[in-house]
Amino acid sequence: MHMRHLLASALVFVGAGGAVAQFEPRIVTEQTLVDSEALARLQRPGDVFFADDAESESGFDRFLEVGGRGTRATLSTTMSHSGDGSYELLAPARDGGASGTNATIYFGPAGYDVVYFRRYIRFAEDYDQGNLNHVGGGLAAVAGSDPWAGMGQAGKKPTGDDRFNASFEPWKDWGRHPAPGYLFFYAYWMDMTQDRDGNYWENFIQPPAEERLIPERGQWICLEQMLRANDPGEANGELAGWVDGKLYLHATGIRWRSSDTVRIKRANVLVYIHQARQDNRVWYDDIALSTGYIGPLPGAAGTIVEPASWGQLKSAR
C-alpha cells in the first residue's frame, strides 16, 4: 500500500497529482437511501452460491488456497459469531517486516457479472496495524480460466480486458484515526489514476469525511459488498457496501472493464500488515456469496444499528 488516490468529494475522483479520471465513480449513497425503489433494487435478494459458517477446519478445503493453514490460518473454537467456530487469521510480528495470510475462494471459470459478498469480522481488542494493512476481504474479476489469473499485479493498471477488483477495508490515514481505521473501498480498474511514483496503486472509493465509520475492535461486524460489472463500452458499473445491514456507500458510473470475458471469479478474506511490529489477529465467520443482497443473519447479532454505535470517528478535516 502506497500513497493512494482519494475520492476527495462526493462527486469528483481526484488523483494524487490532481488528474481527474475520464470516467469518475459517483457517490450516490444519500440519493439511494431516500429512493425506496433504488434501495429495493440494490437490496434485492439473489441466489446464494457459497456459504461457510466456519464450524470445521475442513471448511478450508473449499477454498482455492489458504496461506499458512494450521499456523496463521486456523479454526477457532473459542471465538464465534454464530455456532461454535470461526476462522482465525494471524499476522505475526516480524520486527517491522510484512506479515499476514489470506484465504481465497474461487467460483469457477464462468464467473458472475454481479456478486454480493457478506462476511462477519472481529478485530482483536489490541489490533493495531501501525500504518498500513489489508484486512476485511474483497472481490476480484479476471478473464480466462486460470484460477490464479491477475494475482501479483500490484502497482499495475488493468487494461480492461484482464482484471478488476475491489476490497472493503479500514485505513488509519497515517495515524489520524484510531485502529483499525475508517472503512473504504480499495480498487483497481481500467480508469484508475496514477500515483506520483509512476505506479498505479489501488485507488480509494470512499464516503465523505463526515460519513466515514471506524469498526469497534473486540466486536463482530457484518460487512457486505456488491460489485456489479459494467456493460463493455458503458460506464454503468457499480459498487456498494453495507455495515451491519445499513448501506454505507453506493458508487455508480464505473467502467470496470472493456470486455465481458472479465467476470467476478474470486473472493478472499485476509489480514496483511505491511510493517508488523506486533501480532495482529482477526476472525471471520458466516461467509456468504450470492447473486443478490444477503444481509445480516436474523436475530440480535444481525440487527441494524444506529451510526452512533458503529465506532468512534475523528474528524478528517
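Using the per-residue mean of other Cβ atoms lying within 10 Å as a proxy for protection, in what order, highest first, do the peptides 263-275, 124-136 fall?
263-275, 124-136
With an 8 Å Cα cut-off and a minimum separation of 6 or more residues, compute the relative contact order for the chain in percent.
Computed value for the chain: 30 percent relative contact order.
Positive end of the dipole of the chain (Cβ unit charges, origin at the Cα centre): among 175, 31, 91, the Cα lying farthest that way belongs to 175. Between segment 233-305 and segment 71-126, the C-alpha centres lie 13 angstrom from each other. Taking every lysine pair in the chain that is 8 or more places apart or spans two chains, those with Cα atoms closer than 23 Å amount to 5.
For 123, 50, the sequence from fewest to most other C-beta atoms within 10 Å is 50, 123. When each of 286, 279 is scored by the number of other beta-carbon atoms lying within 10 Å, the sequence from fewest to most is 279, 286. Direction-averaged projected area, Cα convex hull, the chain: 15.0 nm², rounded to one decimal. Fewest neighbouring Cβ atoms within 10 Å first, the residues 223, 247 line up as 247, 223. Under the convention that each Lys and Arg Cβ holds +1 and each Asp and Glu Cβ holds -1, the size of the dipole of segment 26-305 around its Cα centre is about 460 debye. Overall dimensions of segment 76-221, expressed as equivalent-ellipsoid semi-axes from the Cα gyration tensor (√(5λ), whole Å, largest first), are 26, 21, 15.
Values quoted throughout were computed directly from the atomic coordinates according to the rules given, and no laboratory measurement underlies them. Note that the structure is a prediction, hence the values are computed from the model and not measured. A quick note on method: Cβ atoms are made from the backbone with ideal geometry, for glycine too, and the neighbour counts reach across all protein chains shown.
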